[in-house]
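The structure under discussion appears below in the form of structure tokens.
Bear in mind these aren't lab numbers, they're just calculated from the coordinates by the rules spelled out. Predicted, not measured: the structure shown is a model, and the values here were computed from it. As a convention, Cβ positions derive from the backbone with ideal geometry for all residues, glycine included, and neighbour counts pool all protein chains shown.
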């Protein structure tokens, strides 16, 4: 630390901006996320005290399960896989100005179809081929479920918030119908699909219990980030998102791009469903709906659609939800407290961003 | 099949449509006010839940259903006040704050419920109905439509009050201006932030009463996460209605009828999986959109915070 400071001081004057740049590039984001996290700990600590629980015990349990203990950390990293894919799905859509709020329906239907086909496929072909086919299938199912909203938006101008929400309600019920009536495992009494044997699931990373779905998720988020920021295709999508009318005048095929965005976004949501089934769950029980999409939406916004920031936020959220479950068991606070914790964190992160924005505007002026 | 259309079935269906539809109606009307004023209120689910919890708590403690609705309004308003501060006053992202408020209200109400009522699960007594003389004697529809708790009539009357408000009053015009061209409203000397704040608080009140209706009249008790997407249906109803309260009423009754169809069919002795019937209203709306898909005329400034002087 002191050595660095010495180097900093020894630099000639014209190098000073690098220090400022480093400040604004690294330190500011760190402060901007650490500040709200600390404030959240204070706020929710007060709440815990009001409920008669020691905040120290609670946070210790969260930290222990979420980061310190190897099995907990592995669970956190496994949980990140579907969340990252959902985040990638939302980022594509939001950057292109399309409100795909139907992620949960796309996720769930793809999950059900994969859960129904995977146990059949693995008996007929090598695992890697079966898993790859299932992922492609999931992406296809997701994309298919967004087709109607996509066409309505692209060619009729029907607001996609309505249609995707409709399709998500429809999809969740339809998934249940499929589980209860069509893909039912006759061997069990509770309605659920056949279970994919543990040996045939997505392989674990190295010697850990981390699902390799994590790699799929990380690759998807980073790929989406690079495509949206570094390629001509991404630029076109962002232009459509910024001003669809201007994009039309610039000669961009806006309707076709709109359909492409829907397909990409929904395919990624479907892939998230596949990863969760092939890597973690192994089957779909009736009425199972983790509703990842809704919780990831604010994370993606807070990350300002930046892929790397998204990864950090998703990690933080996973630590809180996995650690929170364990802390709830240990300290006797109902697990619902995790929801409150996440909500306070989201609110404070948003406020911190606002404060930073105001500060920058004032210093510029 | 003819036993399907017995008097008991029809009465159960209409009654169910009304009971399930009133919370959706209140949520939809509330959301409509916010959307007219340019605020996409995604926190409405949280407002309903908060209203359901406080509405139940107050009604249970005081034994008065009207105080219960007051508690519901207060509960919705509490959440709405946070939204006013963060989204309207400071201009933070309405999506982030809306979802955060919904998640927070879900967690908070479930927690409080668990601490207070998890052992006893107390229930409220049935709500007294107010038969309308003459009309309530009509066979089939009479008991279902005109022998309801007073709050039902008030909610339906609100549809016409709001329609008149949008059409004939300055406040209604200001609300629409705040959603369509806030800068013009500002130039005319009306405070945009205050107009939108009034809108969001009204949303909180209506959504809160809707939640309280779910708990106090519909279920008779509070269940964690009991709104179960009703707020989101409210958002969809408001968007489909394009600023016309009467359309919200029609939509709410359609959704209510489908949601209550399962119970009515069970009365008639037909066994169809709940999930199939739950798909009906959404499928119907999609079919309508596909057939008559027109450009939605949403307020131009919907979802955008108003910053004076910004372009």
Given A:169-176, A:254-261, the highest-first ranking by average Cβ count within 10 Å works out to A:169-176, A:254-261
A correct fewest-to-most ranking of A:117, A:164, A:189 by other Cβ atoms within 10 Å would be A:189, A:117, A:164
Expressed as a whole-number percentage, the relative contact order of chain A with C-alpha contacts under 8 angstrom and at least six residues apart is 33 percent
In nm, the gap between the two label points placed 7 Å beyond Cα toward Cβ at residue A:27 and residue A:360 is 1.7 nm
For chain B, the longest principal axis of the Cα atoms and the Cα long axis of helix B:94-117 enclose an angle in degrees, to the nearest 10, of 40 degrees
Between the alpha carbon centres of segment B:38-61 and segment A:42-110 the gap in Å comes to 24 Å
What helix-only [θ] at 222 nm does chain B give? Using -39500 (n - 2.57) per DSSP H run of at least 4, over all residues, to the nearest 500, the answer is -22500 deg cm²/dmol
Unit-weight point scatterers at every alpha-carbon of segment A:169-244, Debye formula, q = 0.12, 0.17 1/Å: log10 I(q)/I(0) is -0.71, -0.88
For chain B, averaging the sequence separation of alpha carbon pairs under 8 Å that lie six or more residues apart and dividing by its residue count, the contact order in percent is 39 percent
Pseudo-spin-label distance residue B:123 to residue A:188, built 7 Å along Cα→Cβ, given in nm, is 3.2 nm
Residue-normalised 222 nm signal for chain A, counting each DSSP H run of n ≥ 4 as -39,500 (n - 2.57), nearest 500 deg cm²/dmol, is -23500 deg cm²/dmol
Where a ≥ b ≥ c are root eigenvalues of the Cα gyration tensor, a/c under 1.5 meaning rounded, otherwise prolate if a/b exceeds b/c and oblate otherwise, chain A counts as oblate
Rounded to whole angstrom, the alpha-carbon centroid of segment B:205-251 lies from that of segment A:268-345 at a distance of 27 Å
Kirkwood Rh for the protein assembly as shown from C-alpha pairs, in Å, is 26.5 Å
Simple spin-label estimate for residue A:245/residue B:300, 7 Å along Cα→Cβ, in nm, reads 0.8 nm
Most packed first (mean Cβ within 10 Å per residue), the peptides B:43-51, B:97-105, B:164-172 order as B:43-51, B:97-105, B:164-172
Row for chain B, column shape: gyration tensor on C-alpha, a ≥ b ≥ c, rounded if a/c < 1.5 i.e. under 1.5, prolate if a/b over b/c, else oblate; value prolate
For B:19, A:363, B:262, ascending order of other Cβ atoms within 10 Å (fewest first) is A:363, B:262, B:19
Taking Cα atoms, the helix B:230-241 axis meets the longest principal axis of chain B at an angle in degrees (rounded to 10) of 70 degrees
With R₀ set to 56 angstrom, the calculated FRET efficiency between the beta-carbons of residue B:132 and residue A:129, to the nearest 0.05, is 0.25
Segment A:127-143 and segment A:206-255 have their Cα centres apart by a whole-number Å value of 20 Å
